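Chemist: This is the structure I have questions about; it appears just below.
The values are calculated or read from the model by the stated rules, or taken from the named source; none is laboratory data. Remember, predicted model here, so these are calculated numbers, not experimental data. Glycine also receives a Cβ, built like all others from the backbone with ideal geometry; neighbour counts cover every protein chain displayed. All accessible areas refer to the heavy atoms of the entire protein, side chains included, with ligands and DNA or RNA removed. Shrake-Rupley method; radii C 1.70, N 1.55, O 1.52, S 1.80 Å.
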Amino acid sequence: MPWLGIYGHDVQRDALLRAWQADRLGHSYLFVGPEGVGKKRFALALAQAISCESTSVSTKNPEPCGTCTTCVQIKAGTYPDLHLTGLPEDKQEFPTELMKELIHSLGVKPQRAGARRIAILVN
């Protein structure tokens, strides 16, 4: 999921690029907007960029390689340090138990040294 495939979010992409280059990425981001505008795709692209084994802040380029084990796993949805959680179909808000499980899993040390635990909540 290269950044070049993200359309309509130029301002947000550029802001994250500046934060990346300044080594000032936040610990969390909130993507809000109407359904179908690409929030999940953007969040997955960010997850891939910050998790890619070949990118680093020193390169000043957060473009994921797309071929390392981490990039392939994120694209396939099997990366162990990425938690993609959605609102259950029969609920209007996220259940407390679901949030407790997510918080607990985020407290566990990442699988790969130097990696980050990532959670994406979709509604």
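Chemist: How would you classify the chain from its alpha-carbon gyration tensor, with a ≥ b ≥ c the square roots of the eigenvalues: rounded for a/c under 1.5, else prolate if a/b is greater than b/c, otherwise oblate?
Modeler: Taking the square roots of the gyration eigenvalues as a ≥ b ≥ c, the chain is oblate.
Chemist: Rank by packing, highest mean first: peptides 22-34, 95-107, 69-81, 41-53, with packing defined as the count of other Cβ atoms within 10 Å averaged across residues.
Modeler: Answer by packing, highest mean first, reads 41-53, 69-81, 95-107, 22-34.
Chemist: For the chain, what is the mean residue ellipticity at 222 nm derived from helices alone (per DSSP H run of n ≥ 4: -39500 (n - 2.57); sum divided by total residues; nearest 500 deg cm²/dmol)?
Modeler: -11000 deg cm²/dmol
Chemist: Which residues' amide hydrogens lie under 5 Å from the amide hydrogen of residue 83, considering only partners 5 or more residues apart or on another chain, with H built in the peptide plane?
Modeler: 118, 119, 120
Chemist: Which FRET efficiency value, to the nearest 0.05, is calculated for residue 78 and residue 99 with the Förster distance at 22 angstrom and r the Cβ-Cβ distance?
Modeler: Step by step, r from the Cβ atoms, then E = 0.45.
Chemist: On average, how much accessible surface per residue is there in the chain, in Å², for a 1.4 Å probe, leaving out ligands, DNA and RNA?
Modeler: Computed with neighbouring chains in place, this is 67 Å² per residue.
Chemist: While we're looking at this one, here's another question. Between beta-carbons, use under 11 Å as the cut-off and find the net charge around residue 82, counting Lys and Arg +1, Asp and Glu -1.
Modeler: +2
Chemist: Further question: Enter the angle in degrees (range 0 to 90, nearest 10) between the Cα long axis of helix 39-51 and the first principal axis of the Cα atoms of the chain, meaning the one along which they spread out most.
Modeler: Result, in degrees: 60.
Chemist: Expected output is a single nm value to one decimal: the length gained when fully extending between residue 40 and residue 19, i.e. 0.36 nm times separation in residues minus the C-alpha distance. What is it?
Modeler: Contour length minus the Cα-Cα distance gives 5.6 nm.
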